[in-house]
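The block underneath contains the structure these notes are about, expressed in structure tokens.
The values are calculated or read from the model by the stated rules, or taken from the named source; none is laboratory data. All figures in this text were calculated on a predicted structure; none of them were measured in a lab. For neighbour counting, all protein chains shown are included, and Cβ atoms are generated from backbone atoms with ideal geometry for every residue, glycine included.
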Amino acid sequence: MSESVTEVDAGLVPLLSRVAEVLLAELSLPRAFVHASALLGLSGTLSTNILVLRSLSVLSSASALLFNIWNRLRSPIIWNLTFMTTNLAQIARLLLRDQQQLTISTDEQALFELAFARYGVRIKEFLELLKEAGAEWVDYEEGAFIVRRGDEMPCLWYLVEGEVEALHSGEDTHVTIKPGKGGWLGELWDPNEPPDYWQQPHHWKTGFRAMVPSRVVSFDRKRLHDFIARSPHMRDAAEAAEIADLWGKLRSSFSQSTRNVYKAMLQMAMADGDLEPAEREALDKFVARNPLDLGGAQQHINPSAQPQATS
């Protein structure tokens, strides 16, 4: 038995030695260039990305070129250079085309930074979204309605300039909307939307009116929804944007409520036409505990900001 094993081992040694010699010969120069060229070319044909395919084709031709230069094969060298030049020209064309597609206007850049960039949306996706959703920039004068409560819902908007008030019931202000987080006029994305949502009629439960001259970007709701739904990456970005928008509106609503409380306190204090020192102190303490964004109206609202009368 041991003699048989010894004979088998003795037979394998020359075979393995021969295999090693062949491998070393194939991996030595210039044959290694041939194998590198074939592997690179095969990898290129397996890629679904045309830019990757072109790039690997250039490397494949470069490896073949080195082999032909080593062996001084003039005609193959000329063809290798021809293939490389053709593929490099196509790569340059692809890169220039992508660069042209990513050129955006000042308005588009502002919208991208306000509403999309912080949530991981790429510029190329953003530009495709604008096209697919029929984005349009629209200006509204002070007091103009963007949409009234009860109107149909073919569009939603994003506020890029100015201030808009949301009218929840009649003419009562529900919340003041400003650009940034909370700037969507309408719901951007609902991950729990029922399957038959788009087969049903829908109407706005809230109206939107410009408080000052304002600019919004209008989107077709259905087309925007379909674009987002096609991409897991866009769905994640839209969900993050919707959450941030909700928190932005909640903060704005809280600020507006605090301001309304301050106005009511001031009106009560001034009901008799005179502001007592104790009343002034109470108002000042309220402002100290609840910082208010009163803007240019502060001189009219905050009694401590009024100049003292002199006798």
- Query: Of all residues in segment 90-149, how many are in contact with a strand residue (DSSP E or B) (Cβ under 7 Å, 6 or more places away or on another chain) and acidic (Asp, Glu)?
  - Reply: 5
- Only one of 210, 241 that is in the same structural domain as residue 123 (by TED's automatic domain parsing), aliphatic (A, V, I, L, M) and more than 20 Å from residue 134 (Cα to Cα): 210
- Item | Subset of segment 213-236 [more than 25 Å from residue 118 (Cβ to Cβ) and of a type outside the set (Lys, Arg)] | 213
- Evaluation of residue 130 against (1) among the hydrophobic types (A, V, I, L, M, F, W, C); (2) touching a residue at least 40 places away in the same chain (Cβ under 8 Å); (3) over 30 Å from residue 44 (Cβ atoms) (one fails), failing number: (2)
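Looking at the structure I just gave you, is residue 156 part of a strand (DSSP E or B) and over 26 Å from the mean Cα position of the chain (by Cα)?
No: the conditions fail for residue 156.
Anything in segment 196-224 that is among the β-branched types (Val, Ile, Thr) and in a strand (DSSP E or B)? List them, or say none.
216, 217
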- Please go through segment 237-275 and pick out each residue that is in contact with a helix residue (DSSP H, G or I) (Cβ under 8 Å, 6 or more places away or on another chain) and either closer than 14 Å to residue 115 by Cα or modelled with pLDDT of 90 or more (or both). 237, 238, 240, 241, 244
- Residue identified as at pLDDT below 90, farther than 24 Å from residue 95 by Cβ and not in a helix (DSSP H, G or I) among 12, 16, 29, 23: 29
- For residue 127, are the conditions met, namely being within 30 Å of residue 161 (Cβ to Cβ) and assigned to a helix (DSSP H, G or I)? yes
- Considering every residue within segment 41-53, establish whether at least one is touching a Leu at 6+ places or on another chain (Cβ under 6 Å), assigned by TED's automatic domain parsing to the domain that holds residue 96 and farther than 30 Å from residue 96 by Cβ. no
- Query: So which residues in segment 37-54 are in a helix (DSSP H, G or I) and among the β-branched types (Val, Ile, Thr), if there are any at all?
  - Reply: 45, 50, 52
- Given the conditions (1) crowded, with 20+ Cβ neighbours inside 10 Å; (2) touching a residue at least 40 places away in the same chain (Cβ under 8 Å), which single one is not true for residue 231? (1)
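Report yes if some residue within segment 97-106 is assigned to a helix (DSSP H, G or I), modelled with pLDDT under 95, among the polar types (S, T, N, Q) and more than 21 Å from residue 49 (Cα to Cα); otherwise report no.
Looking for residues that are assigned to a helix (DSSP H, G or I), modelled with pLDDT under 95, among the polar types (S, T, N, Q) and more than 21 Å from residue 49 (Cα to Cα), one finds at least one in segment 97-106, hence yes.
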- Considering segment 94-151 alone, what residues qualify as being surrounded by 12 or more Cβ atoms within 10 Å (Cβ to Cβ), charged (D, E, K, R) and more than 10 Å from the chain's Cα centre (by Cα)? 107, 108, 128, 132, 136, 139, 142, 148, 149, 151
